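First the structure, in the form of structure tokens, and then the observations on it.
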């Protein structure tokens, strides 16, 4: 049985005439007649007594029509509720964001988001990618901000911007003589990376995977902080890869070099569970972030994605 069939029997009850009921339902009379008969066959009773003129519902048909009206009324209320939920910009939402984005992205968009959306309260958690996926699937958090693609069937991805990787070098390093870098120029034994569990670590190692081996810097150091890695580099210990939002032109220009095109980038997305319906919150979050991001990071075609495989 379908809601459409319920609409047809209600119209027949109101107009007591097949042609008139079909006209008000914007269908042909044969189609309406066929659907009413299909419903009667499915439930095993006659809803209308066709021998009476004008058409009359049977005694059990009256009860069925009454319940059909109730179901259609509740269906309409459900649609209105969902529409309201999708469009309303209010409520409390828990957002998970990866540590390599949080300190650089949050200060840029959060103040304006809070000011422009006073009825929304965000509870923000720094989580690694695997934790965000798990907590979205289990309903612990509502929204994630991380690097995609994830290739998770239960998760919907909404790309927001494309952030290039930059090479971060100590002052007077030989590679600073190059205007643009090639991944092949990197020496993996000198590269400082984040510790296990950070997706940024895997991406950085992917960029370096084809590089030639050189002399070791004398120790191995894996940190959970991009800023810690930058501080070591500033003291002349190795070099590292950093996302563009983590650098300040005034402080870091002497340390950074870009890669040749196509630059290695990471796709930053808002992610939600497939069942999530608050489209207005997702769109407002995306709009606010994109307002504060440099425009060159918004166009995917301007920066070619690096192959992480």
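So for each of 120-127, 156-163 I average, over its residues, the number of other beta carbons within 10 Å; can you give me the resulting order with the highest mean first? Numbers along the way, then the final one.
Values: 120-127: 15.8, 156-163: 19.6.
Listed from highest to lowest mean packing, they are 156-163, 120-127.
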I need 146, 175, 166 ordered by Cβ neighbour count within 10 Å, fewest first. 175, 166, 146
Relative contact order (%) - criterion: Cα under 8 Å, at least six apart; region: the stretch 28-146: 23
Cut-off is 10 Å between beta-carbons; in what order do 233, 191 appear when sorted fewest neighbours first? 191, 233
Could you work out the relative contact order of the stretch 3-87? I mean the mean sequence separation of Cα pairs under 8 Å and 6+ apart, divided by the number of residues, in percent. 28
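Given Cα positions, please report Rg to Rh for the stretch 106-171, the hydrodynamic radius being the Kirkwood one.
Ratio value, two decimals: 1.04.
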Rg/Rh over Cα atoms for the stretch 3-87, Kirkwood Rh, comes to 1.04
Taking only the alpha-carbon positions of the stretch 1-53 as identical scatterers, the Debye log10 I(q)/I(0) at q = 0.24, 0.25 Å⁻¹ comes out as -0.90, -0.98
Fewest to most Cβ atoms within 10 Å: 45, 242 sort as 45, 242
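Only the coordinates and a few stated rules stand behind these numbers; no lab work does. Computed from a predicted model, the values in this text were never measured in an experiment. Note that each Cβ is placed from the backbone with ideal geometry, even for glycine, and that neighbours are counted across all protein chains shown.
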